[in-house]
1. If R₀ is 25 angstrom, what is the calculated FRET efficiency for the pair residue 88 and residue 431, using the beta carbon separation as r and rounding to 0.05?
2. In whole Å, how far is the Cα centre of the stretch 458-485 from that of the stretch 94-118?
3. Would you check the accessible area of residue 308, probe 1.4 Å, heavy atoms only, in square angstrom rounded to 10?
4. At 1.4 Å probe size, what's the solvent-accessible area of residue 143? Round to the nearest 10 Å².
5. Please report, in Å, the Rg and the Dmax of the chain, where both are computed over Cα atoms only.
6. Using amide H atoms built in the peptide plane, which far-off residues or other-chain residues are under 5 Å from residue 242 H to H?
7. Roughly speaking, what is the centre-to-centre gap between the stretch 230-267 and the stretch 432-457 when only Cα atoms are used, to the nearest Å?
8. Sequence gap of 8 or more, or different chains, plus Cα separation below 20 Å: how many lysine pairs satisfy both in the stretch 351-473?
Amino acid sequence: MYLENTIFEMSRPGRKGYSLPPLDVPVQSLTDVLPLEQQRQSDYRFPEVSEGEVVRHFVRLSTLNYHIDKGFYPLGSCTMKYNPKVNEDMSRLDGFSGIHPFQDECTAQGALQLMYELSELLAEISGMDAVTLEPAAGAQGEYTGLMMMRAYHRDRGRSPSKIIVPDAAHGTNPASAALAGFKTVEVRSTEAGEVDLEMLRRLVDSDTAGIMLTNPNTLGIFESQITEMSRMLHEVDALLYMDGANLNALLGITRPGDMGFDVVHFNLHKTFTTPHGGGGPGSGPVGVRKELIPYLPTPTVAKKEDGSFAFDYDRPKSIGKVHSFYGNFGMFVRAYTYIRMMGPKGLRNVSETAILNANYLMKKLEPYFDVPFPRHCQHEFVLSADRQAKQGVRALDIAKALLDKGYHAPTIYFPLIVHECLMIEPTETTTKETLDTFADALIQIAKMAATEPEVVRQAPQHTPVTRLDEATAARKPILKYQFES
Ligand SMILES: *Cc1c(COP(=O)(O)O)cnc(C)c1O
């Protein structure tokens, strides 16, 4: 349902946003220019509006949008943290923004050096031996990592078929495993919110190619048995894949490599402050231990003896290319800027603050919502709206009611193993005042759920678009301009 200030259908016959000078060339028949079969057969209809209306329309839409520069965005797992503006300045330097992928290497040394150094920095942060920057997203990083794991096993004359994935995993994990030709086997989480070690012991065998783990997992809990899991998997020559899309709890504190992981992907658009949620494109570099270096996608960036940099295409065991050219270069500039700006101490401070903020918020909310895993969390935590559901208000209703209070909703109904799940990640870039006012908003909603559940169920009332009929929105979406006739 649209409020008045978002009306789209503004067309009036004859209204124009342009004026053209009189034609000063001979009129040609359309068929001289375009063959008949390529000509439009029916009349077109565009909205007819004035220039002023067009400008106002798009500016109005841009102000209706919710984004990280507008307000708090506690989307668990997705790490919607503030994106520093200095990243944007650096990415717009002429030497970076004007570069062409076909340019001769000797004229692109700065860009190559940045890629080389960013790979080294990510390797250092994660405890890996080498990093490819090529994949364009977390999910593509997973696919790339799994293809390298497959190549690793094949090189050793093995073709194990199984990838173990916990039931709390991000949906991309089983999807990537399937795309890479593996079958996924699910391992359960315990009551304490960690991988069930006994069940894992039963699943690991000689047909196991590896396990995909997120640590801290998507419940916001650190897998305390990680070194034991690593021992178990490595004993049968299986590999450990770390879903490092969100490294916000680990920076400068511990490293996937030190926990025994062999492969890890990073989302530059989460941990490393490159834009996402409409601002992308993404970037999902992958780090590997030295045994897997031969399989990295081509090209890698090499540093030559004379100190210059070059692309290395001579990699016979590589899984090939996963992206045109070299990946999303503009994102490398932003992430590199962020890492260099923060430095080692600053990055550690990021994670310490992210963890502190999440625990602070969890404690404030604990009296009002069910906390399925009442223990220290890492950078995020999950609540359950089970208590509110009994009063007739579901997690979805709470998310909608938050919109009315001016906040983006948290992630809901994920991880799948938590009933009526609300998954909250405040990140380190949120002030105590915002944490407090956000907590107050959720507490007010919890109180309303007890006294006036029907009001919460009708939220949002104050957003440009109120509650949608989701079935109709999915089945009969309105995707283009609606003319009256
Ligand atoms: C976001 C996320 C992914 C997927 O990353 P994309 O860039 O969206 O493909 C995978 N795993 C986890 C834990 C994530 O949070």
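The values are calculated or read from the model by the stated rules, or taken from the named source; none is laboratory data. What you are looking at is a predicted structure, and each value in this text was computed from that prediction instead of being measured. Quick reminder, even Gly has a Cβ in these numbers, built from the backbone with ideal geometry, and neighbours come from all protein chains shown. These accessible areas exclude ligands, DNA and RNA; they are computed on the full protein's heavy atoms, side chains included. Shrake-Rupley method; radii C 1.70, N 1.55, O 1.52, S 1.80 Å.
1. The pair residue 88/residue 431 has a calculated efficiency of 0.70.
2. Spelled out, the Cα-based centre of one part sits 45 Å from the other.
3. For residue 308, the solvent-accessible surface is approximately 30 Å².
4. 70 Å²
5. In order Rg, Dmax, the Cα atoms of the chain give 25.9, 83 Å.
6. For residue 242, the qualifying residues are 213, 262, 263, 264, 265.
7. Using only Cα atoms, the two centres lie 38 Å from each other.
8. Count of close lysine pairs: 10.
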